[in-house]
Each structure stands twice: as C-alpha cells, then as structure tokens.
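Inspection log for the structure reproduced underneath, given as structure tokens.
The values are calculated or read from the model by the stated rules, or taken from the named source; none is laboratory data. Small disclaimer: the values here were computed from a predicted structure and weren't measured. Quick reminder, even Gly has a Cβ in these numbers, built from the backbone with ideal geometry, and neighbours come from all protein chains shown. In case anyone asks, the SASA skips ligands and DNA or RNA and just uses the protein heavy atoms, side chains included. Shrake-Rupley method; radii C 1.70, N 1.55, O 1.52, S 1.80 Å.
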Amino acid sequence: MNILESLEKNYDTLSKTQKKIADYLRENVEKACFLSLKELSQNVSVSEVTILNFAKKLGYSNYSDIKKSLQAHITNIVGISIKNDHELKGLTNKFKIYEDYRYREIERIRTTYEAIDPDLLFSVAERIKKAKTIHIYGHKVSYVAAKFMELRLKTIGFRNSVVNTMDEFEVMFDLVNTDKDDLYFIFSFPFYSVHTINIMEYLKSVNANIVCITDSINSPIYLDEKNSIIVNTEHPIYFNSLTAVFSVIDMIMTILVFEGKERFDRYKKLVWSLEEKLQNDWNTEMSQKL
C-alpha cells in the first residue's frame with residue numbers, strides 16, 4: 001500500500017488537524033516529498049510534534065519514512081507523461097480544442113514574461129559571457145530543455161556541456177571538476193527528480209555559480225529571485241509544457257548575440273569558413289572514390 005492509499009484508507013480516523021496534513025500531502029505530492037519536517041510544519045501551520053504523531057498514526061516510524069514513501073510514489077509515476085484527468089475532456093469540437101489550446105500557449109508565454117524581471121535575464125546573459133564553461137543539468141523533460149539550451153549556446157559560440165542527472169557516471173565526473181569560474185544551469189519541472197535536488201545541494205555546498213530554471217518558487221530547487229528563472233509550464237494534457245521554457249532560452253540567446261555582435265560575427269565567419277573547407281574536402285574525397 002503506497003502513501004496515498006494509506007491516507008485514503010485512514011482518512012476518516014484522522015483528527016481535524018491530521019486531515020489538514022493529509023490534504024496538503026495529497027494535493028502537493030511532488031513538492032511535499034522534498035520538504036523537511038520544519039518546512040512541512042510551516043507550510044501546514046501545525047507543530048512538528050503533530051506531524052510526527054500523524055506519521056505514527058499511519059504506521060510510519062518517523063517523518064523520514066513518509067518522505068521516502070512519497071518519493072517512491074513519485075518514482076513509480078514519473079514515467080507517465082499524460083495526466084489521468086486532462087483539462088480538454090469537456091471540449092468535443094475540434095475547432096474549440098484548437099482555440100482553447102492556442103489561447104493557453106499564448107497565456108503561458110505572456111504570464112511567464114510578465115513575472116520575469118528583464119534585468120534577471122540580462123544578468124544571466126552576462127554570467128554566461130563571463131563563464132569559462134557552462135554546465136547544463138536536466139532530467140526527463142527537463143533534459144529536453146537542457147539539450148535545447150546546449151544547441152543554442154553552441155550555435156553562438158559558447159562552450160558548454162549537458163548532463164543527464166539520471167546518469168551517475170556522467171554526473172560524478174562533471175561535478176568532480178567543479179570550478180568557481182564555471183556556470184551551472186539546473187532545469188527541473190514536475191515531477192521533480194531527487195537526483196537533481198541532490199546535485200543542486202552539492203553545488204550549493206561548494207558555492208558554485210548556479211542558475212535554476214523551474215516552474216515555481218515552491219520548487220525544491222528554487223534558490224532566490226537573483227538566481228532563479230520561473231517559467232509557466234502548465235499543460236492541459238501533459239505534466240509540463242516547454243513552450244515558454246524554449247522562449248526564455250531563446251530570449252537569453254538573443255541578448256547574448258545583441259550585446260556581443262562583434263564576437264558573434266567573428267564566430268559565424270569562422271564556422272562558415274570551416275564548413276566550406278570540410279565540404280570541399282568531402283567533395284574531393286567523394287570524387288576520388290568515384
């Protein structure tokens with residue numbers, strides 16, 4: 001029996017205060033599984049002792065066991081990318097579906113940019129310019145965003161590497177060379193990865209230069225307003241939309257090119273020259289074979 005099934009089975013036997021804790025856990029599973037006892041206590045406005053008694057009521061030895069059960073539940077469903085109860089069920093006309101989805105896409109981008117301080121994006125672009133190497137971390141759908149950023153940075157001449165937080169070998173050998181002059185981008189969206197959070201905690205412990213891109217100030221990887229970019233990733237069917245994420249990445253790239261036109265022009269000419277040489281060498285090799 002998982003944690004949610006246990007909450008459902010025992011709900012009627014809980015006190016009013018315990019039901020308050022149960023309701024919070026059921027409604028915030030992906031966030032609650034990373035909260036400390038103190039943080040959960042503050043979020044639910046109950047004492048830590050009350051939470052410990054709640055854990056024992058459900059048959060757990062302590063609060064840590066509840067967290068582990070929540071994390072196990074997340075691990076079991078994290079591979080499922082489609083919501084059980086998606087928001088388009090009530091729309092039967094295909095044109096209404098089109099209009100509804102188009103509106104949602106526009107709203108995702110509008111609300112994202114309305115909430116972002118432009119100076120934050122200019123500051124992030126400046127940090128990219130100063131970084132020796134850029135490291136980009138992601139997991140599942142967040143890894144897709146990380147790969148997109150990797151491609152964009154490469155096309156404008158910035159050295160970077162992308163790391164899948166699920167690849168223990170890759171993570172270990174990237175982190176072992178942590179450098180104060182490097183910049184680390186951490187992408188994380190629901191369902192949040194325990195691996196990504198552990199990586200974030202390590203980077204914080206060594207005072208690394210970090211920018212996190214996530215969906216909420218309640219995200220377990222959120223840092224502060226100077227080092228976190230909040231993006232609207234809500235989607236009517238899937239757990240995350242990357243529309244606004246890609247847009248914000250492209251905005252940062254646009255700032256980089258605009259503020260470094262001469263550097264970008266030199267890099268572009270070098271790429272074109274190299275491409276022409278390689279193409280000529282390839283054509284010569286092919287003609288010799290023929």
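For the range 205-217, the Karplus equation 6.51 cos²θ - 1.76 cosθ + 1.60, evaluated at θ = phi - 60°, returns couplings of 5, 9, 6, 6, 7, 10, 10, 9, 10, 8, 9, 6, 5 Hz by residue, with Gly and Pro reported as x. Fraction of C-alpha pairs exceeding 19 angstrom in the range 205-285: 62 percent, rounded to a whole number. Taking the Cα-to-Cβ direction at K269 and at N10 and moving 7 Å from each Cα, how far apart do the two end points lie in nm? A separation of 7.1 nm, rounded to one decimal place.
In summary, the aspartates and glutamates within cross-link reach of K67, defined as a Cα separation below 19 angstrom excluding same-chain residues under 8 places away, comprise E5, E8, D23, E27, E30, E39, E48, E201. In order along the range 105-122, phi translates into HN-Hα couplings of 4, 4, 5, 4, 6, 4, 5, 5, 6, 5, 8, 8, 6, x, 4, 5, 5, 5 Hz, rounded to whole numbers, per the Karplus curve 6.51 cos²θ - 1.76 cosθ + 1.60 with θ = phi - 60° and x for Gly and Pro.
May I ask you to rank F95, F158 by accessible area, largest first, using a 1.4 Å probe over the protein chains only? Intermediate values should be presented prior to the final figure.
On the way: F95 140, F158 25 Å².
Accessible-area ranking of F95, F158, largest first: F95, F158.
With each run of n ≥ 4 DSSP H residues scored as -39500 (n - 2.57), what mean residue ellipticity at 222 nm is computed for the chain after dividing by its residue count and rounding to the nearest 500 deg cm²/dmol?
Details: 13 runs with 173 residues, N = 290.
Calculated from helices alone, the mean residue ellipticity at 222 nm is -19000 deg cm²/dmol.
Please go through the residue pairs K129/K261; K56/K204; K31/K154 and name each one whose alpha carbons sit more than 22 Å apart in this structure. Beyond 22 Å: K56/K204; K31/K154.
How large, in Å, is the range 116-193 by the Kirkwood hydrodynamic radius built from its alpha-carbon pairs? Please list the in-between numbers first.
Numbers: mean 1/r = 0.0762 Å⁻¹.
After inverting the mean inverse Cα-Cα distance, the result is 13.1 Å.
Taking the empirical scaling 2.2 N^0.38 Å for compact globular proteins as reference, the chain has a Cα radius of gyration ratio of 1.22. Taking all protein chains together, S69, S47 sort by accessible area into S47, S69, largest first [probe 1.4 Å].
Straight-line cross-link partners of K94 among the aspartates and glutamates, defined as a Cα under 17 Å from its Cα and at least 8 positions apart when in the same chain: E105. Normalised by the number of residues in the chain, the mean separation of alpha-carbon contacts (under 8 Å, six or more apart) gives a relative contact order of 18 percent.
For the range 135-274, how big is Rg over Rh, using alpha carbon atoms and the Kirkwood form of Rh?
Values: Rg = 15.5 Å, Rh = 15.8 Å.
So for the range 135-274, dividing Rg by the Kirkwood Rh gives 0.98.
Across the range 12-29, computed HN-Hα scalar couplings (Karplus, 6.51 cos²θ - 1.76 cosθ + 1.60, θ = phi - 60°) run 5, 8, 7, 6, 4, 5, 5, 5, 4, 5, 4, 4, 5, 5, 5, 8, 9, 4 Hz from first to last residue, x flagging Gly and Pro.
Only protein heavy atoms count here; on that basis, with a 1.4 Å probe, T254 has an accessible area of about 80 Å².
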